[in-house]
1. Filter region 97-106 for residues that are more than 17 Å from residue 58 (Cβ to Cβ) and touching a residue at least 40 places away in the same chain (Cβ under 8 Å) and give the result.
2. Residues 129, 74: which one is under 24 Å from residue 180 (Cα atoms) and touching a strand residue (DSSP E or B) at 6+ places or on another chain (Cβ under 9 Å)?
3. Limited to region 236-260, what total is found for residues that are part of a loop (DSSP other than H, G, I, E, B), under 19 Å from residue 189 (Cα atoms) and in contact with a strand residue (DSSP E or B) (Cβ under 9 Å, 6 or more places away or on another chain)?
4. Tell me yes or no: at least one residue of region 108-121 is touching a strand residue (DSSP E or B) at 6+ places or on another chain (Cβ under 8 Å) and closer than 27 Å to residue 187 by Cβ.
5. Determine which single condition residue 407 fails, assuming it passes every other condition in (1) touching a strand residue (DSSP E or B) at 6+ places or on another chain (Cβ under 7 Å); (2) modelled with pLDDT of 70 or more; (3) surrounded by fewer than 17 Cβ atoms within 10 Å (Cβ to Cβ).
6. Would you mind stating whether residue 127 is within 18 Å of residue 165 (Cα to Cα) and more than 19 Å from the chain's Cα centre (by Cα)?
7. Kindly indicate which of 92, 109, 63, 123 is free of Cβ contacts under 8 Å to residues at least 60 places away in the same chain and within 25 Å of residue 21 (Cα to Cα).
8. Taking region 295-333, which residues are part of a loop (DSSP other than H, G, I, E, B), over 21 Å from residue 271 (Cα atoms) and without any contact (Cβ under 8 Å) to a residue 60 or more places away in the chain?
């Protein structure tokens, strides 16, 4: 019996101009990054200008005539950025100035530019072009730099937890697995490397992942225990490869997509098992379903437009409109605007009856463990939530907290200051006694 996917009729839907995000200014899109990020309340876009500004806009305020404000806390271009997975109004930015930052802004959005970060993450020797928050532990982030290292940080105190130095090449991409027990990276020397960033003395696994030297982007497929990568063949054709983590000697699947020169930016929706591939620099978005077995991947279709995407971000599942049977939303970055592209499964009864078969439980905005618990060895799966609006619990987004703690250097300085103060008081007492 031929495979029948419930997502086989999926299509991309673009709203009218008044429901798009315009007047964002000229975006900065140099390099291989997506230069866009999103959570269920805000989206961010890097902008050309002094320092490294990242515009932050509210998702529920599309249209014209809306003034854009930015988080501009670096001395050079923002190369990668991501909202905190559990705190909507917290953004992490990595920069060409060899540092990264964590900045909190008002809960309702920006009403003025923010010029100073709450925490600066300093320690890399060259530009920091990759940043990924831990998917389940609160206030843990990883950064990748052109100094060929990957650093793990506790953003509560801005301290480096560990530094991975085993790679002999610059990372093209980094990403956590589902419970955050492993970090993976693809490199300029065509390597895939897997390691536990709490123990950087050894690799868990490493192998050659691509043929061509151009940029590669990795993605995890946890439900099948696979890992995948987009990249290029020796003939510079775009390709996708998948490996079974039980045996990574040879890929279990290889798809030479086309001859385009643009990078394929992957997004795997673990809930629906649909892999989206957005071409950075072209106007195509492929969508495919992972099916396992000998077939591995089922090609559902391609969304095409006339306007190329310079980058883009995927909105979290909890922000989707279940009444219109929206199963994914891509914020497409262009030269002039951000265009939301909704991927919809056509169902006539969707507006009245919740379509549970296309909306399994999804990851919530709650951390599974604290930073200290993770650093002490905990590996926790995401806390799940219902997609049915009638069954969702009240918003408890304040459950995760960001409290800036003193760094080791600040504690040392405070201790020295206290010693000086004690000495001054002792001297005063001695003078009075005399």
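The values are calculated or read from the model by the stated rules, or taken from the named source; none is laboratory data. These numbers were taken from a predicted model, which means no experiment stands behind them. With ideal geometry, Cβ positions are generated from the backbone for all residues, glycine too; neighbour counts draw on all protein chains shown.
1. Listed by number, the residues that qualify are 97, 98, 100, 102.
2. On the way: 74 fails: under 24 Å from residue 180 (Cα atoms).
That would be 129, the only listed residue that is under 24 Å from residue 180 (Cα atoms) and touching a strand residue (DSSP E or B) at 6+ places or on another chain (Cβ under 9 Å).
3. Looking only at region 236-260, we keep the residues that are part of a loop (DSSP other than H, G, I, E, B), and these are 236-237, 245-246, 248-252, 259-260.
Now restrict to residues that are under 19 Å from residue 189 (Cα atoms): 236-237, 248-251.
Still in the running and in contact with a strand residue (DSSP E or B) (Cβ under 9 Å, 6 or more places away or on another chain): 237, 248-251.
Number of matching residues: 5.
4. Yes, region 108-121 contains at least one residue that is touching a strand residue (DSSP E or B) at 6+ places or on another chain (Cβ under 8 Å) and closer than 27 Å to residue 187 by Cβ.
5. Tallying (1) touching a strand residue (DSSP E or B) at 6+ places or on another chain (Cβ under 7 Å); (2) modelled with pLDDT of 70 or more; (3) surrounded by fewer than 17 Cβ atoms within 10 Å (Cβ to Cβ), residue 407 fails exactly one: (2).
6. Working: within 18 Å of residue 165 (Cα to Cα): yes; more than 19 Å from the chain's Cα centre (by Cα): no.
No, not satisfied.
7. Values: 92 fails: free of Cβ contacts under 8 Å to residues at least 60 places away in the same chain; 109 fails: free of Cβ contacts under 8 Å to residues at least 60 places away in the same chain; 123 fails: within 25 Å of residue 21 (Cα to Cα).
The unique qualifying residue is 63.
8. Taking region 295-333 as the starting set, the residues that turn out to be part of a loop (DSSP other than H, G, I, E, B) are 295, 305-310, 315-316, 320-321, 325.
After this cut, where a residue has to be over 21 Å from residue 271 (Cα atoms) as well, the list is 305-310.
Selection gives 306, 307, 308, 309.
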